[in-house]
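See structure below.
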Amino acid sequence: MVDGFLIPKETAVLLVPIATIILGLVIGWLGQRSGFCSIGGIRDYMLFRQTRLLKGYIALIISAFVFYFIFSLIVPAAIPKFFWCLQEGQLFTAIGGAPAVGTVGVIILMIIGGIFVGIIGTLLGGCPLRQLVMTSEGNMKSLIFVVGMLAGAVIFTALLSPWIVQAFTAIGL
Amino acid sequence: MVTDISEKRKGVDTYLKIPLLGGAVIGFAAALIQALLFAAGGPQAYGFCVACHSRDLINYVTNSLTGSNLFLAPFSANAVAAGTLPVLTIIGVLVGAAGAAVLYKEFRVKKGDAKSYAVYGIGGILFMIFALCMGACPYRLALRIGYGDLVAVFGLIALIVGVFIGIKIAMKRMEGK
């Protein structure tokens, strides 16, 4: 234990690519076998009252909560802000998104972003994980979607994010 | 003997096909990665995110090709600064899913027409822009809610509303045809 962490920073940074690629392999495999899809889960429930995929998404939220809680007891330094909404004055403080704006701004971006992510995901047949998996299954449309996602990421960080921060700061959010 | 192995594989596969297990594994793995590697830098609840991890990867590639200085999350930025690579989750997902698809003979090339490619390309760009507005794809959204980030609850409600609108639009279009 160094500074309360299981692995010191120098080693941890070296493990980032290895750990995440293993995580990706596991999730990719499970995603392909189960057809896991977050947006698909909500869609199937609304359309057919089918809960197979929705259970997966709910299990994700519950499992994240349970294991963050367990690990916060074992390595408190690594899970520093677990349920910090319960701390005074932190009720609606987000734990880190890309554009650095105030609380109200983050909530507005969350709502706008969430609605459009939901619409696009529903119309084009799946959440981003599903699109990655379908790409690996040989779906060319999903491949184009993923390429579009990568282009969108560069456009957002290079052009839109600074603009959003400026605009929100200007109107005081 | 050969049938034994394939029987066994089939037995495991029936469990792997349950989305509930997939969700539980993603939640566990994301928490484990944070517990092990948080020293590498934040943000919190960053164990798995298709949108943010794609952004880190593509921004890293763009930065190294063009010498630009696009944003990476500290988790990836510190790894790059130490001379290694940023998060490779996306590559892992693509390879893992391809492996499963080939092994179970579910790999089939499906082509679309030019119009559908244009729709999916623009859809992908817009999807990523709005996901990064949220600072989360639906997966990190779930992780953030599990982490106790109440702001992410607004995102989930908005996502549900979005899916509802999406279904309505799809139904309108089907009626039109």
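Readers should treat all values here as calculations from the given coordinates under stated rules, not as data from a laboratory. This one's a predicted model, so the numbers in the text were calculated from it and none came from an experiment. Note that we place each Cβ from the backbone using ideal geometry, even for glycine, and neighbour counts take in every protein chain shown.
Could you go through the stretch B:92-108 in sequence order and give the Karplus-derived ³J(HN,Hα) for each residue, using 6.51 cos²θ - 1.76 cosθ + 1.60 with θ = phi - 60°, rounded to whole Hz, and x for Gly and Pro?
After applying 6.51 cos²θ - 1.76 cosθ + 1.60, I find x, 4, 4, 5, x, 5, 5, x, 5, 4, 5, 4, 9, 6, 10, 7, 9 Hz.
Could you work out the mean count of beta carbons from other protein chains within 10 Å of each residue's beta carbon in B:49-61?
Whole-number average of other-chain Cβ neighbours for B:49-61 is 5.
Taking all pairs of distinct Cα atoms, average 1/r, flip it, and tell me the Kirkwood hydrodynamic radius of chain A in Å to one decimal place.
19.2
If you wrap chain B's Cα atoms in a convex hull and average its projection over all directions, what's the area in nm²?
If I average the Cα hull's projected area over directions, I get 14.8 nm².
Taking θ as phi - 60°, what are the ³J(HN,Hα) couplings along the stretch B:166-177 by the Karplus curve (6.51, -1.76, 1.60), each to the nearest whole Hz, with x for Gly and Pro?
x, 4, 4, 4, 4, 5, 4, 5, 5, 5, x, 7
For the protein assembly as shown, take every pair of Cα atoms, bin their distances at 20 Å starting from 0, and report each bin as a whole percent.
31, 60, 9, 0
Within the stretch B:20-50, find all residues whose amide N lies under 20 Å from a label point positioned 7 Å from the Cα of A:ILE62 along Cα-to-beta-carbon.
Within reach of a label on A:ILE62, which here means backbone N under 20 Å from a point 7 Å along Cα→Cβ, the stretch B:20-50 contributes B:20-32.
Which far-off residues, 5 or more places away or on another chain, put their amide H under 5 Å from the one on A:ASN139, with H placed in the peptide plane?
So A:ASN139 has HN proximity to B:LYS110.
Which of the lysines could a cross-linker bridge to B:LYS17, judged by Cα under 20 Å and excluding same-chain residues fewer than eight apart?
Once the sequence-local lysines are set aside, what remains near B:LYS17 is A:LYS55, B:LYS8, B:LYS105.
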